[in-house]
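Before any comments, here is the structure.
None of the figures in this text is laboratory data; all of them are computed from the coordinates on show. Remember, it's a predicted structure, so these values are computed and weren't measured experimentally. As a convention, Cβ positions derive from the backbone with ideal geometry for all residues, glycine included, and neighbour counts pool all protein chains shown.
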Number of protein chains: 2
Amino acid sequence: MMNEHAPYILTDSKSLEEALSQRLTDKGRIFILADYNTAEHCLPMIQSMLPQDGKDCMLMDLAAGEDAKSLDTAMDLYRQLITYGADRSSVMINLGGGMVCDLGGFVASTYKRGMEFIHVPTTVLAQVDAAIGGKTGVNLGSLKNMVGNFTLPSATLIYPEFLNTLPKREVMAGFAEILKHALIADHLLWTKILEAPYIDLPLIKSIIPEASHVKVGIVNRDFEEKGERKKLNFGHTIGHALESLILESPGKNLLHGEAVALGMIAESYLSMKAGKLSDDELKAISDFIAQHYKPIELDRMQFHRIIELMSHDKKNKRSKVNFTLLNGIGDSLIDQEPDMEDVMEALNYLERYPFPA
Amino acid sequence: MMNEHAPYILTDSKSLEEALSQRLTDKGRIFILADYNTAEHCLPMIQSMLPQDGKDCMLMDLAAGEDAKSLDTAMDLYRQLITYGADRSSVMINLGGGMVCDLGGFVASTYKRGMEFIHVPTTVLAQVDAAIGGKTGVNLGSLKNMVGNFTLPSATLIYPEFLNTLPKREVMAGFAEILKHALIADHLLWTKILEAPYIDLPLIKSIIPEASHVKVGIVNRDFEEKGERKKLNFGHTIGHALESLILESPGKNLLHGEAVALGMIAESYLSMKAGKLSDDELKAISDFIAQHYKPIELDRMQFHRIIELMSHDKKNKRSKVNFTLLNGIGDSLIDQEPDMEDVMEALNYLERYPFPA
């Protein structure tokens with residue numbers, strides 16, 4: 001479980017097919033978990049790569065989106081696995097974005113105390129983040145990833161061509177995690193992004209190897225998140241709370257990556273307040289994010305709810321709220337515990353930041 | 001997670017108190033999971049050993065018995081942990097039998113991707129088996145331990161004096177696992193048991209170290225049950241199926257250990273059929289079990305349901321049913337796949353075996 005983990009980046013369908021068939025030789029029944037987007041856009045290709053064109057594989061499909069990422073869905077999937085006879089020789093392929101990888105990884109890693117699974121991430125977020133590093137999880141009500149574990153897939157197969165069919169909003173949400181990887185650990189990648197004429201799909205596809213590399217390095221040094229891995233939480237303490245808040249607000253929606261982008265503005269402000277980030281750096285980060293993401297409307301009463309939601313964060317110890325802050329661009333500091341007044345200020349900064357219309 | 005695992009056997013309350021306080025120093029809030037039996041008989045002692053007499057610890061209690069070992073209960077426990085602010089510095093103490101250890105271990109190991117937990121087993125079964133080796137699990141309907149993982153507690157503290165308040169039926173059910181450990185790997189222990197004038201609590205308390213030692217050795221050599229650990233499944237393939245069958249039969253009940261005892265008769269028969277156990281050995285085992293356990297009434301139609309239930313066993317691969325059989329008394333063979341006709345014969349042997357009234 002603790003072995004070195006490296007995803008395979010496969011630039012053509014032939015090598016994806018080879019990588020898949022290598023891992024499915026001598027295995028039993030194949031189960032594919034897909035959401036309705038990937039079932040339409042990615043599944044036919046994967047099935048054509050399986051023995052007998054995937055006729056013997058069992059398809060488990062899901063509604064897309066965070067609502068399906070629950071213990072109730074997990075229970076439904078366990079029952080399907082039982083009904084269709086999944087056993088210790090079976091393999092589950094998680095074909096989708098973060099939700100499919102997190103949920104599928106959780107179900108596979110706990111079904112009969114663990115069946116083998118392979119991640120085939122199909123979104124930017126999953127390719128550079130969710131499918132790497134063995135975190136699995138489901139939500140409990142509006143609290144994100146409250147239940148989960150650390151279990152590595154037997155392989156993560158990244159095929160950037162799958163991104164071609166993604167809606168632009170999804171692409172940009174996932175791009176927030178790339179930005180985070182640059183900000184916490186890769187100044188060169190940040191420069192490359194700032195200097196790119198357009199933040200578009202060709203650029204994003206071209207930087208997936210570097211962006212996933214940042215995460216791979218960190219999780220191989222600290223698999224169970226005792227230390228360095230917490231760097232990856234930059235933008236997520238406030239980001240998760242914003243996400244939970246929106247889950248509680250009927251009619252509104254915010255993708256995980258969008259919440260993280262906004263969280264990174266607020267947490268960069270906290271980094272500045274802690275004396276670790278210059279005013280210029282804060283402005284460069286805030287401007288870049290404001291240029292590519294939509295603002296969030298908050299009233300001050302919601303600030304308190306956000307702080308309340310942060311107190312449930314998995315990273316906390318002894319009722320302190322744990323943050324990762326930037327130490328300049330391209331470096332980061334874990335286990336920071338800013339005052340709640342500063343957090344209020346940071347939310348205020350985020351709320352009033354001028355986003356171009 | 002893969003570290004060497006050894007339980008601590010504590011023969012007086014002073015050393016139990018020391019062992020506990022050593023593991024709770026510098027930790028946050030303590031959560032104790034108990035069933036209503038242990039809440040009455042064991043909890044007061046444990047609480048008196050905690051800082052401030054346990055006034056700050058959070059008690060989560062459960063109905064005793066297998067029914068509570070479900071994902072619904074797990075969900076309820078997650079919610080209690082959230083409500084009372086469990087975080088990464090918190091520790092959960094599982095005070096009880098196999099159900100409490102399996103369920104508590106599962107919940108703790110998956111809450112926020114893992115909080116620390118300590119097993120304090122209070123039954124024979126838990127002291128020699130369930131609390132050792134890191135298997136966690138909950139049932140899915142009548143299917144046992146369908147959902148779970150492998151996660152070691154930070155310590156297993158065995159205090160045999162807790163057994164004093166157990167009903168005799170519970171003691172004898174747990175004793176079946178001791179018998180299993182003797183049969184699969186410790187001929188000397190088998191002889192000691194056979195030669196004992198009485199199978200009573202003093203004898204059982206005296207052999208807990210040897211019986212737990214068998215399990216510790218095996219799980220340290222094969223934590224994830226790739227090979228040798230399957231030896232511990234002797235008696236369990238048929239035993240689990242009998243247990244599931246009884247769960248489906250309103251009004252009847254059968255403890256896990258009782259099911260395993262009966263399973264060991266049937267699986268000893270299979271060992272004899274496979275030419276690995278002599279007729280005399282089979283008779284010695286069957287007589288001993290028949291002398292200490294109650295028979296089960298089965299009709300032939302139920303034999304088929306039992307075989308159907310065995311097909312869901314976690315140990316199976318590719319629709320073969322996997323057994324561990326004895327290779328003489330004190331040795332065992334994993335990955336045996338007897339014919340289903342022989343299994344029918346074995347059930348017939350079990351059903352007709354003369355149990356003294």
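Counting only other chains, and only Cβ atoms inside 10 Å, what mean value do you get across the residues of A:218-230?
Taking the mean over all residues of the peptide, I get 1.
Go ahead and estimate [θ] at 222 nm for chain B from helices alone: -39,500 (n - 2.57) per DSSP H run with n ≥ 4, summed, over the residue count, rounded to 500.
The per-residue figure over chain B is -14500 deg cm²/dmol.
So what's the angle, to the nearest 10 degrees on a 0 to 90 scale, between helix A:98-110 and the longest Cα principal axis of chain A?
Taking the Cα atoms of chain A, the angle to A:98-110 is about 60 degrees.
What order do you get for B:202-211, A:13-22 when each peptide is scored by the mean count of other beta carbon atoms within 10 Å, highest first?
Taking the mean over residues of other Cβ atoms within 10 Å, the ranking is B:202-211, A:13-22.
Among the listed pairs B:K230/B:K276; A:K144/A:K180; B:K231/B:K283; A:K231/B:K112; B:K168/B:K231, which are separated by more than 23 Å between their Cα atoms?
Listed pairs above 23 Å: B:K168/B:K231.
Taking each label point as 7 Å beyond Cα in the direction of the beta carbon, state the distances from A:K320 to the same residue in the other copies, shortest first, in nm.
5.6
Which of rounded, prolate or oblate describes region B:8-165 when judged by the alpha-carbon gyration tensor and an a/c cut-off of 1.5?
Here region B:8-165 falls in the oblate category.
One decimal, nm, shortest first: give the distances between the label point of B:P167 and those of the same position in the other copies, each label point 7 Å from Cα along Cα→Cβ.
Label point to label point, same position, other copies: 5.8 nm.
Between the helical axis of B:13-24 and the dominant principal axis of chain B, each derived from Cα atoms, what acute angle in degrees is found, rounded to the nearest 10?
On a 0 to 90 degree scale, this one is about 70.
Assigning unit charges at the beta carbon (Lys, Arg +1; Asp, Glu -1) and nothing else, what dipole magnitude in debye, to the nearest 20, does region A:141-285 show about its Cα centre?
Dipole magnitude for region A:141-285 comes out near 180 debye.
Along region A:31-44, what does the Karplus equation 6.51 cos²θ - 1.76 cosθ + 1.60 (θ = phi - 60°) give for ³J(HN,Hα), rounded to whole Hz, x for Gly and Pro?
Taking θ as phi minus 60°, the curve returns 10, 10, 9, 9, 9, 5, 5, 6, 4, 7, 9, 10, 4, x Hz for region A:31-44.
Just the number, please: percent antiparallel of the DSSP beta bridges in the protein assembly as shown, rounded to the nearest 5.
30
Let me know the shape class of region A:192-247, please: from the alpha-carbon gyration tensor, a ≥ b ≥ c as square roots of the eigenvalues, rounded when a/c is under 1.5, otherwise prolate if a/b is greater than b/c, or oblate.
Oblate.
Between A:D339 and A:K168, 0.36 nm times their residue separation minus their Cα-Cα distance comes to what?
Working it through step by step, the gained length comes to 57.9 nm.
Using packing as a proxy for protection, rank A:265-276, A:88-99 so that the peptide with the highest average count of other Cβ atoms within 10 Å comes first.
Final packing ranking: A:88-99, A:265-276.
Rounded if a/c is under 1.5, else prolate if a/b beats b/c, else oblate: with a ≥ b ≥ c from the C-alpha gyration tensor eigenvalues square-rooted, which is chain A?
prolate
For region A:297-357 and region B:39-69, what is the separation of their Cα centres, given in Å?
37
Within region B:35-66, whose backbone N sits under 13 Å from a point 7 Å along Cα→Cβ of B:E17?
B:45-54
To make sure I understand the rule: partners must be aspartates and glutamates, Cα under 18 Å from the Cα of A:K273, and not fewer than 8 residues away in the same chain. Which ones qualify?
By straight Cα distance, A:K273 reaches A:E281, A:D287, A:D331, A:D335, A:E337, A:D339, A:E341, A:D342, A:E345, A:E351.
Taking the Cα-to-Cβ direction at B:A274 and at B:R300 and moving 7 Å from each Cα, how far apart do the two end points lie in nm?
The two pseudo-label positions are separated by 2.7 nm.
Which distances, in nm and shortest first, link the A:H41 label point to the same label point in every other copy, taking 7 Å along Cα→Cβ?
Result, one decimal in nm: 6.0.
Run the numbers for B:D67 and B:I307: contour at 0.36 nm per residue of separation, minus the present Cα-Cα distance, in nm.
84.1 nm
Mind giving me the nanometre distance, one decimal, between the label points for A:E161 and A:L194, set 7 Å out from Cα along Cα→Cβ?
3.6
Taking +1 at the Cβ of each Lys and Arg and -1 at the Cβ of each Asp and Glu, which of A:P356, A:A182, A:T136 sits farthest along the dipole of chain A towards its positive end, judged by Cα position relative to the Cα centre?
Farthest along the dipole direction, towards plus: A:T136.
Which angle between 0 and 90 degrees, to the nearest 10, do you get for helix B:256-273 versus the longest principal axis of chain B when only C-alpha atoms count?
30
What distance in nm separates the simple spin-label points at A:L59 and A:S154, each placed 7 Å from Cα in the Cβ direction?
2.3
Taking each residue in B:78-85, count the Cβ atoms of any other chain within 10 Å of its Cβ, then average. What number comes out?
The shielding value for this peptide is 3.
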